[in-house]
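The values are calculated or read from the model by the stated rules, or taken from the named source; none is laboratory data. These numbers were taken from a predicted model, which means no experiment stands behind them. Every residue, glycine among them, receives a Cβ derived from its backbone with ideal geometry; neighbour counts consider all protein chains shown. Accessible surface areas use protein heavy atoms only, side chains included; no ligands, DNA or RNA. Shrake-Rupley method; radii C 1.70, N 1.55, O 1.52, S 1.80 Å.
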Amino acid sequence: MNGDVEGESAMQTATIRPARLFTVEEANATLPLVKAITLDLQRLAEDLLERQQRLDALGKGRKADQSDPYQDEVEQIQADLETDSKQLETYVEELRELGAEPKGLAEGLVDFPAMIDGRIVYLCWKLGESEIRHWHEIDAGFSSRQPLTEEVGAGQSETH
C-alpha cells in the first residue's frame, strides 16, 4: 500500500509540469515587467471590488424598472464593471504568458515555477519586494513561504 501512495505522489509531481521553470535570476530579471503588470492588476482589482460593493449596496431593496431615474446609471456602472473585469483577465493572462502565476490579486502576489532539489516549487514574490527572496511548495501558499538560501538557489540545476 505504501508503494501506491508514493506512486500517486510521483504521478502528481509529473502532472504539475509548468510550461516554464525559472531560476531565481530569471525570475528576478522579469520583475520590472511583472511589477508593472501586477501594480495595474492590483489597482484594478481593488477598484473593481469597491465599485461592485457600492453597486450591490445601491441595488439592495430596489427593483430595476424603467421608471427608476438611476436605472441608466446602474446599467452603465454594470457595463463598466464588465469591461474592467475583462481588462483584469488580460493582466492575469499577460503574467501567465511570462510564465508567472498571479495568486493574490489584491495583495499583489505572484509565483514563479522553479525546480529546487529535484521537485517543482514556487518562487514567491509580493508587490513591494525588490527581488525574489522566498519560495514555497506547490501545494502551499504565501503563509508557508520560506527564505531562499544560497543552498536552495544553487539547488536549481534543472531549469527548462
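Restricting attention to region 76-146, which GluC sites (Glu not before Pro) occupy a DSSP loop and are surrounded by at most 12 other Cβ atoms within 10 Å? Display every interim value, and only then the final one.
Numbers: sites: E82, E89, E93, E94, E97, E107, E129, E131, E137; in loops: E107, E129, E131.
The qualifying sites are E131.
Can you give the alpha-carbon Rg of region 104-154 over 2.2 N^0.38 Å, where N counts its residues?
Values: Rg = 10.6 Å, N = 51, 2.2 N^0.38 = 9.8 Å.
Normalised Rg, Cα atoms only: 1.08.
Solvent-accessible area of D68, probe 1.4 Å, all protein chains present, reported in Å² to the nearest ten, please.
So the heavy atoms of D68 present about 30 Å² to solvent.
Show me, for region 23-33, the HN-Hα J-couplings you get by feeding each phi into the Karplus relation (A = 6.51, B = -1.76, C = 1.60, θ = phi - 60°), rounded to Hz, glycine and proline as x.
Karplus values, whole Hz, x for Gly and Pro: 8, 4, 5, 5, 5, 4, 5, 7, 4, x, 6.
Would you grab the residues whose amide H sits under 5 Å from the one on G141? Only those 5+ places off in sequence or on another chain, please, with H modelled 1.01 Å from N.
none
Tell me, what ³J(HN,Hα) does each residue in region 67-75 have, in order and in whole Hz, if you take phi through Karplus 6.51 cos²θ - 1.76 cosθ + 1.60 with θ = phi - 60° and put x for Gly and Pro?
7, 6, x, 9, 4, 4, 5, 4, 5
P(r) for region 37-129: what percent of alpha-carbon pairs falls in each 5 Å bin, starting at zero?
With a bin width of 5 Å, the distribution comes to 3, 12, 18, 17, 13, 10, 9, 7, 5, 3, 2, 1, 0, 0.
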